[in-house]
Amino acid sequence: MQLPIYQVDAFTDKLFGGNPAAVCPLDAWLPEATMQAIAAENNLAETAFFVREGDDYALRWFTPTVEVDLCGHATLASGYVVFHHIEPARASVDFRTLKAGTLRVSKCGSDLLEMDFPSRPAQEIAPLPGLVAALGGTPRAVLRARDCLVVYDSAAEVAALQPDFAALAKVDCWAAIATAPGENGVDFVSRFFAPAQGIPEDPVTGSSHCTLTPYWANRLGKMKLEARQLSPRGGALRCTLNGDRVSIAGRAVLYLEGKISV
């Protein structure tokens with residue numbers, strides 16, 4: 001059996017930037033073990049699979065090792081594939097998910113795509129055992145939603161982090177977000193580490209901005225925010241807090257279109 005596959009660089013307007021996601025449109029769901037094996041073979045942070053349901057689609061995401069409850073860049077990439085390769089006349093598409101509800105991706109201007117995601121505010125906690133030692137630096141606060149949100153004083157400190165991934169994988173937290181105020185028109189910066197989920201450092205992470213956006217909106221007193229993820233590939237996101245929802249906008253670029261044999 002041959003299946004279509006696309007690889008899309010998300011949250012960037014330049015090839016080889018942002019976060020690459022694989023997208024596999026399906027006529028019907030494959031066994032979970034097969035989807036997990038495809039994701040492991042792709043060896044990208046996430047592979048998205050979607051199946052038509054009525055006028056829209058059901059969507060699932062897999063890292064090389066696990067299925068995840070929410071993924072931003074692979075949702076953006078899935079929207080890109082629908083708009084550019086399946087239904088170019090559409091202005092928006094809804095993706096129904098197992099744990100994150102319905103996620104809408106809409107065209108916003110000539111090449112910007114905007115996602116409607118749930119807000120995931122974090123609550124301040126005492127640092128978890130081993131967390132700060134594994135990340136490095138001297139954070140001013142630690143909060144937690146699904147992920148641990150570790151707040152530093154400067155973008156330079158976040159950029160300089162060299163985490164101990166083996167130690168971080170043992171910390172009792174799904175993933176760790178390091179963040180700090182931005183500069184030069186950027187409101188905040190971040191990095192995202194999830195070694196326990198098979199992702200030592202994610203290039204650009206949409207789901208983390210469900211937690212970053214309410215934190216920085218409250219701290220800065222503004223609802224619309226420009227964000228930058230400081231991975232080696234880098235990525236730009238435009239975030240808006242809308243009550244209990246977050247709008248996350250970015251661009252995407254097609255890298256690969258082909259077929260896989262299963």
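Observations, loosely collected:
- Each Cα pair under 8 Å and six or more residues apart adds its separation to the average, and for the chain the resulting relative contact order is 23 percent.
- Compactness relative to 2.2 N^0.38 Å, alpha carbon Rg of the chain: 0.96
- Distance from the C-alpha centroid of the stretch 38-108 to that of the stretch 189-262: 15 Å, rounded to the whole angstrom.
- Residue-count net charge about Leu15 - beta-carbon cut-off 12 Å; Lys, Arg +1, Asp, Glu -1: +1
- Taking label positions 7 Å along the Cα-Cβ direction at both Gln162 and Gln123, the computed distance is 3.7 nm, reported to one decimal.
- Ordering Ala74, Gly130, Phe117 by Cα displacement along the dipole of the stretch 48-142 toward the positive end leaves Gly130 in first place; charges were set at the Cβ atoms of Lys, Arg (+1) and Asp, Glu (-1).
- Gln2 paired with Lys107, simple spin-label distance in nm, labels 7 Å along Cα-to-beta-carbon: 2.9 nm
- Here Cys24, Cys210 are placed in order of increasing Cβ neighbour count within 10 Å, fewest first, which gives Cys24, Cys210.
- Here the Karplus curve 6.51 cos²θ - 1.76 cosθ + 1.60, taken at θ = phi - 60°, turns the phi angles of the stretch 190-200 into couplings of 7, 9, 9, 10, 9, x, 5, 9, x, 10, x Hz, with x standing for Gly and Pro.
- Neighbour-count order for Thr75, Thr179, Thr12, fewest beta carbons within 10 angstrom listed first: Thr12, Thr179, Thr75
- Positive-end extreme of charge dipole, the stretch 144-237 - chosen from Gly182, Ala167, Met223 (charges on Cβ): Met223
- Grouping the Cα pair distances of the stretch 123-243 into 5 Å bins from zero gives a pair-distance distribution of 2, 12, 25, 27, 21, 10, 4, 0 percent in increasing distance order.
- ³J(HN,Hα), Karplus 6.51/-1.76/1.60, whole Hz, each residue of the stretch 202-208, x for Gly, Pro: 8, x, 8, 10, x, 4, 5
- Measuring nothing but alpha carbons in the stretch 33-128 and taking Rh as the Kirkwood radius, the Rg to Rh ratio lands at 1.02.
- In the chain, lysine pairs with alpha-carbon atoms under 30 angstrom apart (chain gap of 8 or more, or interchain): 12
- Dipole in debye (nearest 20) - the chain, about Cα centre, beta carbon charges: Lys, Arg +1; Asp, Glu -1: 380 debye
- Computed FRET value (nearest 0.05) for Glu87 with Asp27, which takes r as the C-beta separation and R₀ as 22 Å: 0.90
No value in this document is a laboratory result; all are computed from the given coordinates. It should be emphasised that the depicted structure is a prediction, and the values quoted were computed from it without experimental measurement. In this analysis, Cβ positions are derived from the backbone assuming ideal geometry, glycine residues included, and neighbour counts consider all displayed protein chains.
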